[in-house]
1. Roughly to the nearest percent, how much of the accessible area of segment 65-271 is carbon and sulfur, given a 1.4 Å probe?
2. Can you give me the distance in nm between label points at R137 and L234, each placed 7 Å from the Cα along the Cα-to-Cβ direction?
3. Sticking with the crude label model, points 7 Å out along Cα→Cβ, report the distance from V244 to N72 in nm, one decimal please.
4. Between M264 and Y126, what is the FRET efficiency for a Förster distance of 45 Å, r being their Cβ-Cβ separation, to the nearest 0.05?
5. For segment 65-271, just say rounded, prolate or oblate: build the C-alpha gyration tensor, square-root its eigenvalues into a ≥ b ≥ c, call rounded for a/c under 1.5, and beyond that prolate if a/b exceeds b/c, oblate if not.
6. Determine, for each peptide in 110-116, 67-73, the mean count of other beta carbons within 10 angstrom over its residues, then list the peptides with the highest first.
7. Provide the per residue accessible area, probe 1.4 Å, for segment 65-271, rounded to a whole number of square angstrom.
8. For an R0 of 30 angstrom, estimate the FRET efficiency from the Cβ-Cβ distance between E148 and A94 and round to the nearest 0.05.
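The values are calculated or read from the model by the stated rules, or taken from the named source; none is laboratory data. From a predicted model like this one, the values you see are computed outputs, not experimental measurements. Here the Cβ is made from the backbone with ideal geometry for all residues, glycine too, and neighbour counts use every protein chain on show. Ligands, DNA and RNA are stripped out before the accessible areas are found, and what is left, the full protein with its side chains, is counted by its heavy atoms. Shrake-Rupley method; radii C 1.70, N 1.55, O 1.52, S 1.80 Å.
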Amino acid sequence: SSLHSEFVTVSMCFYFMVACVCRGVATSSCRNREDSWFKSLFVRKVDPRKDAHSNLLTKNEESNLYKIQFHNVKPECLDAYNKLCEDVLPSIHADKYYPCELVGTWNTWYGEQDQAVHLWRYRGGYPALTEVMNKLRQNKEFTAYRKERGKMLLSRRNQLLLEFSFWNEPVPRTGPNVYELRSYQLRPGTMIEWGNYWARAVRYRQQNREAVGGFFSQIGNLYMVHHLWAYKDLQSREDTRNAVWQQEGWHEVVYYTVPLIQYMDSRIMIPTKASPLQ
């Protein structure tokens, strides 16, 4: 009798616990549905598209393709490397035989040290890029340049980029300036959303002509965005970035774009003598 009584008590406790758990799950499920419905009223969604992201975000009529190169130079070779580039790169830029332009060339000042960054523009897109590459293979001066350059490098990488339609095309400017290259690795699938917000945001950053160019990757690290800015000096950069927070709407852009980023990086760069962007 005593054993039977204990069994009944344990059984009742067990069923009571199961009922509570089930009720909790049901309540939690209901609450989750309510939360999901409630959040749907405020979370901004991107409409489904049938076009490629690049067709929606870039300047199709101009078909400009950009290449950005990152060269990590042996510390003891940086001066010789810069001199070598100054002797060769401007001649390619100025020669109409090559459908390409040197947009800018820099050394990283703050960020990854002993690094050179080059930005090229190919008017005519991929066919122009292919034409330049084929012609440079026949250029003995460039072949010698690459061979000599290889002795000075620790590593190198590049990306092919398109420019956002809402940014101004980078054009030569006088100096002195320091440049900031802000690079953002976005979560896959968020490029359109990023573009939607920055199409408005870039208007807040035109007060001092600091916005130079905005690009997104096509080959290389994908879902990578690069924003290029120019400032008179580091204090000007600080003042400009602080002032934008006083403009209505800027905080909203930051609030909605930060969750789209996986990681970000900032380089402060100094233009070399050969750079059209000074």
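1. Values: 5230 of 10030 Å².
So the carbon and sulfur contribution to the accessible surface is 52 percent.
2. Inter-label distance under the simple model: 4.5 nm.
3. Here the modelled spin labels are 2.9 nm apart.
4. Once the sixth-power term is evaluated, E becomes 0.95.
5. Working: a/c = 1.91, a/b = 1.58, b/c = 1.21.
Prolate.
6. Values: 110-116: 15.7, 67-73: 19.0.
Ranking the peptides 110-116, 67-73 by packing returns 67-73, 110-116.
7. 48 Å²
8. 0.90
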